[in-house]
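Working notes, beginning with the structure itself.
Read-outs throughout are calculated quantities, based only on the coordinates presented, and are distinct from any laboratory measurement. Because the structure is a prediction, the values reported are computed rather than measured. Ideal geometry is used to build each Cβ from the backbone, glycine not excepted, and the neighbour counts take in all protein chains shown.
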Amino acid sequence: MSILTSQQINRYYDLYKDIEVTFTKEVIETTHLLRKRVYLKCLGTQWPCIIYSTSMTGAKIITNLDTSAFELIRKANNLVSLRFAFQVEDKKDTLLFFVSAKVTGFNQYNKENPTLNFVNMAYTKRPADDLIAILGQMLEININSKKRTEERITITDDTARLVGLKSKNGRISIESIPRNCILRDISFSGAKVIIQGIGKFLVQKECVLALLSSDSEPLLLKGKTVRYEEVEGRKDLAAVAIHFYEDKLPMRYKKMINNFITVKHNQGSVS
């Protein structure tokens, strides 16, 4: 998680406080949520739970609650706290904090397990800035991926490094045939690559663009080749444009693009 100013934190809260983020597998991986260290706590007792979704004003969780647990929560006038746990990116540190809340409803989650409950809760005060920052950045990424979908980043050795790529070289499979490629530009919605081949035979084809991030983790970007341009002086090469499938685009890739574009906008220019 990048370091944010109090002004940015307040902006996130004002803009996004009521928008829920559902903790899918991809969101869990992107935020580095430590699922086994998340707990619902009440009057000194705590129960492991699963975060189903959360906004900056409330949450929905799944947890096992027996009769004694219900009685304890009732005794506390439904006042509880929810402990979040995140791995700090690029560090061994763990980020732990509690959010005060009030239970607003229970629903049995599974009839075969009567103690497993879906619990709705409303936060009783503004949550920790850390949670606002994590949710705010996630929501900003999704919003910018639509608002700035065509904003392109020209790829050089320097910009590749700043975006978070190991190099501007990649690998593209077009209809399952792999080829080496060089990135010319990238955006939320697509990329342009230089590859060996006859351009007119490479368009309107299913493809997967494989890039290496700076931590050597592969990024697999699925899409379709949509058009091509000739490379001046090289009849054996083509510059092929790719349109990514939005619903299959990794959040990690969107985060990299958003971070680069946001920094450039803050500096007053975009490549």
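Computed values, structure above
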{"item": "Gaussian network model of the chain, Cα within-10 Å springs - most flexible of THR67, THR154, THR115", "result": "THR67"}
{"item": "Radius of gyration and maximum dimension Dmax of the range 153-266, Cα, Å", "result": "13.5, 41"}
{"item": "Residue pairs, from the table LYS168/LYS192; LYS60/LYS125; LYS36/LYS111; LYS60/LYS222, whose Cα atoms sit over 22 Å apart", "result": "LYS36/LYS111; LYS60/LYS222"}
{"item": "Extension reserve of the ARG234-LYS222 stretch, reckoned as 0.36 nm per residue once the Cα distance is removed", "result": "1.6 nm"}
{"item": "Ratio of the Cα radius of gyration of the chain to 2.2 N^0.38 Å, where N counts its residues", "result": "1.24"}
{"item": "Sparsely packed GluC sites (Glu not before Pro) within the range 188-271, loop by DSSP, other Cβ within 10 Å at most 12", "result": "GLU232"}
{"item": "Simple Cβ-charge dipole of the range 153-266, Lys/Arg +1 and Asp/Glu -1, about Cα centre, in debye nearest 20", "result": "80 debye"}
{"item": "Difference of contour (0.36 nm per residue) and Cα-Cα distance, ILE28 to GLU175", "result": "49.8 nm"}
{"item": "Net +/- balance of residues flanking ARG152 in space, Cβ distance below 11 Å, scoring K and R +1, D and E -1", "result": "0"}
